[in-house]
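What follows is a single structure, written as structure tokens, with notes after it.
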Amino acid sequence: MSVVVIGLNHRSTPLDLLERMTIGDAALPKALHDLVSREDVSEAVVLSTCNRTEVYAVAERFHGAFQDIRDFLAEVAFLAPEDFSDHLYVHYDAPAVAHLFGVAAGLDSAVLGESEILGQVKVAWDRARHEGAAGPALNLLFRHALEAGKRARTDTGIARNVTSVSQAAVAMAADRLGGLAGRRGLVIGAGDMGEAMALGLAKAGTGLTIANRTWDTAVVLADRVGGEAVRLGDVLTALADVDVLLTSTGAATPLLEVEDLERVVAARAGRPLLIVDIAVPRDIDPAVGRLPGVTLLDMDDLRAFADVGTQAREGEVAVVQSLLDEELERYLGATSAREVAPMIVALRGRAEEVRQAEVERYRSRLGELDPAQVDALDALTRGIIGKLLHDPSVALKDAAGSTRGDRLVAALRELFALDDDDATPAS
């Protein structure tokens with residue numbers, strides 16, 4: 001069995017394709033059950049954010065699992081596999097672990113050191129555990145990934161400066177408008193992202209209006225930032241008076257189409273409007289960006305904006321990568337050690353099965369044996385087995401946590417026909 005990750009992210013995939021691959025929170029239970037029901041996938045965690053959709057899995061057979069997961073993604077997006085296969089990345093075993101550690105540490109995010117991703121990784125793992133899709137292998141992996149991500153943020157400087165998508169969205173708006181003080185803003189969405197953007201705008205001196213699908217949530221956030229709440233159905237009216245719109249919801253389809261904004265543009269009488277849409281899938285119809293006086297920025301623009309700051313932080317990235325390399329070695333050592341002990345038990349168990357079968361087969365040829373002779377026969381054959389297995393057992397224990405240990409475990413599996421059930425580590 002191998003741990004694999006198969007997915008797409010903002011580096012490998014255009015935004016219009018990435019948003020089609022997004023798996024919303026409501027769809028996760030069905031997605032997880034679908035994955036682990038497939039022939040070559042025994043455990044699965046789905047991580048779907050504004051920057052990526054990835055499937056982490058325990059593969060019974062690598063090629064079979066790849067086809068299972070690729071077909072799953074095709075069904076999610078209603079696309080033929082050949083329409084997106086060129087954008088997929090695939091890592092297995094140690095590179096898969098290294099990839100997840102980098103994601104958890106914020107090295108693979110649009111905003112270097114992004115703070116939100118660590119919580120998103122934890123939520124994805126929690127959902128998989130709740131649905132029974134994550135088992136011993138992925139539980140160990142994700143527990144260690146969270147530890148690595150936390151250590152990266154506490155032991156290095158990667159978490160300094162702008163380290164969240166919401167912060168970057170506010171900074172990008174300020175950059176485009178030459179400042180936010182005295183401006184009027186509208187935030188659609190009062191979840192974690194929307195709340196963080198609203199707080200950032202309020203801190204910058206922007207007057208705020210909050211819109212959200214749930215009215216009470218909008219009212220609470222508006223009170224917190226000293227703004228006003230409007231119902232989602234009144235957003236077009238509110239847009240006539242603002243300078244900037246920031247939006248990030250979990251809607252599966254655009255909230256505002258180009259026809260909606262055409263009426264808003266007419267009512268604004270030539271006043272420019274900046275829209276920052278960091279939702280994936282997007283909240284705003286991309287065609288809105290072609291309307292006169294409207295500047296529409298999305299996640300592609302935010303990545304370009306964040307990349308400017310990233311180039312100056314190469315030293316911090318190197319320090320974090322060194323730390324993650326240490327964590328990878330620690331994880332590989334732990335997993336190898338977990339495999340060795342059950343393999344020794346499995347090997348001795350197989351030997352005991354053979355010993356008992358052979359003693360039973362030859363007992364009739366030995367005539368009537370008294371209890372003392374039976375005990376002596378058992379002691380003799382057990383002693384032979386013990387001596388034969390002593391050196392292999394010591395060698396396995398000494399090699400635990402190394403590539404040599406991995407090779408010895410693999411050799412024992414093949415030479416003694418020990419399947420994975422014989423040597424499954426405890427959770």
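LEU107's amide H: which non-local residues (gap 5+, or another chain) put their own amide H closer than 5 Å, with H modeled 1.01 Å from N in plane and none for Pro or chain starts?
Excluding prolines and chain starts, which carry no amide H, the hits are GLY113.
Whole-Hz ³J(HN,Hα) for each residue in the range 5-10, computed from phi via Karplus 6.51 cos²θ - 1.76 cosθ + 1.60 with θ = phi - 60°, x for glycine and proline: what do you get?
Listing the rounded values in order: 10, 10, x, 9, 9, 5 Hz.
Does anyone have the angle between helix 403-415 and the longest principal axis of the chain? Alpha-carbon axes, 0 to 90°, nearest 10?
Helix 403-415 sits at roughly 60 degrees to that axis.
Using a probe radius of 1.4 Å on heavy atoms only, what accessible surface per residue do you get for the range 24-95? Whole Å² is fine.
44
Taking the alpha-carbon centroid of each part, what is the distance from the range 352-387 to the range 66-85 in angstrom?
57
Accessible area, 1.4 Å probe, largest first: how do TYR92, TYR331 sort?
Numbers: TYR92 120, TYR331 15 Å².
Largest accessible area first, the residues go TYR92, TYR331.
Grab the Cα-Cα distance for GLU414 and LYS387, subtract it from 0.36 nm times how many residues apart they are, and report the gain in nm with one decimal. Provide the component values of the computation, followed by the final result.
On the way: separation 27, 0.36 × 27 = 9.72 nm, distance 2.15 nm.
Additional length available on full extension: 7.6 nm.
Share of the chain's accessible area from carbon and sulfur, percent, 1.4 Å?
On the way: 10700 of 20110 Å².
That share works out to 53 percent.
Taking a cut-off of 24 Å between Cα atoms, list the lysines near LYS30, but don't count ones fewer than 8 places away on the same chain.
Excluding near neighbours in sequence, the set is LYS122.
List the residues, sorted by chain then number, that are 5 or more residues from LEU273 or on another chain and whose placed amide H is less than 5 Å from its amide H.
Amide H neighbours of LEU273: VAL294, THR295.
Using label points projected 7 Å from each Cα along Cα→Cβ, tell me how many nm separate LYS150 and VAL90, to one decimal.
In this crude label model, LYS150 to VAL90 measures out at 3.5 nm.
Under 27 Å Cα-Cα from LYS387, which lysines qualify once same-chain neighbours fewer than 8 residues away are excluded?
LYS397
Go through the range 77-88 residue by residue and turn each phi into a ³J(HN,Hα) via Karplus (6.51, -1.76, 1.60, θ = phi - 60°); whole Hz please, and just put x for glycine and proline.
Each residue's phi maps through the Karplus curve to give 8, 6, 10, 6, x, 5, 6, 9, 4, 5, 8, 6 Hz.
Springs between alpha-carbon pairs under 10 angstrom, Gaussian network model over the chain: which of ALA252, ALA204, ALA379 fluctuates most?
Looking only at ALA252, ALA204, ALA379, the biggest GNM fluctuation is shown by ALA379.
Under the Karplus relation 6.51 cos²θ - 1.76 cosθ + 1.60, θ = phi - 60°, what is the ordered set of whole-Hz ³J(HN,Hα) values for the range 11-18, x standing for Gly and Pro?
7, 9, 9, x, 4, 5, 7, 4
Compute a Gaussian network model of the chain, connecting alpha carbons closer than 10 Å, and tell me which residue from ALA145, ALA351, ALA279 fluctuates the most.
Highest fluctuation of the listed residues: ALA351.
For helix 299-310, what angle does its Cα long axis make with the longest principal axis of the chain, in degrees from 0 to 90 and rounded to 10?
In the chain, helix 299-310 runs at an angle near 80 degrees to the longest axis.
Given a cut-off of under 8 Å on Cα pairs at least six residues apart, what relative contact order in percent is computed for the chain? Display every interim value, and only then the final one.
Details: 657 pairs, mean separation 55.9, N = 427.
Reported relative contact order: 13 percent.
State, as an integer percentage, the relative contact order of the range 152-298 based on alpha-carbon contacts under 8 Å between residues 6 or more apart.
Working: 266 pairs, mean separation 28.6, N = 147.
In percent, rounded to a whole number, it is 19.
For LEU186, what residues show an amide H to amide H distance below 5 Å, using hydrogens built from the backbone and excluding near sequence neighbours?
THR209, VAL244, LEU245, LEU246
With the other protein chains left in place, how much accessible area per residue, in square angstrom, belongs to the range 215-345 at a 1.4 angstrom probe? Walk me through the intermediate numbers first.
Numbers: 6230 Å² over 131 residues.
Dividing the accessible area of the range 215-345 by its residue count gives 48 Å².
Could you work out which residue, out of ALA211, ALA128, ALA341, moves most in a Gaussian network model of the chain, that is, has the largest mean-square fluctuation with Cα springs under 10 Å?
Looking only at ALA211, ALA128, ALA341, the largest GNM fluctuation is found for ALA341.
Report, in deg cm²/dmol and to the nearest 500, the calculated mean residue ellipticity at 222 nm for the chain, where each DSSP H run with n ≥ 4 adds -39500 (n - 2.57) and the sum is divided by the residue count. Don't jump to the answer; show the numbers that get you there.
Working: 15 runs with 234 residues, N = 427.
For the chain, the value works out to -18000 deg cm²/dmol.
If one takes the longest principal axis of the Cα atoms in the chain, at what angle in degrees, from 0 to 90 and to the nearest 10, does the Cα axis of helix 136-155 lie?
Helix 136-155 sits at roughly 50 degrees to that axis.
The values are calculated or read from the model by the stated rules, or taken from the named source; none is laboratory data. These numbers come from a predicted model, not from an experiment. Please note: Cβ atoms are built from the backbone with ideal geometry, for glycine as well, and neighbour counts cover all protein chains shown. For the accessible areas, the whole protein counts, side chains as well, though only heavy atoms, and no ligand, DNA or RNA atoms are used. Shrake-Rupley method; radii C 1.70, N 1.55, O 1.52, S 1.80 Å.
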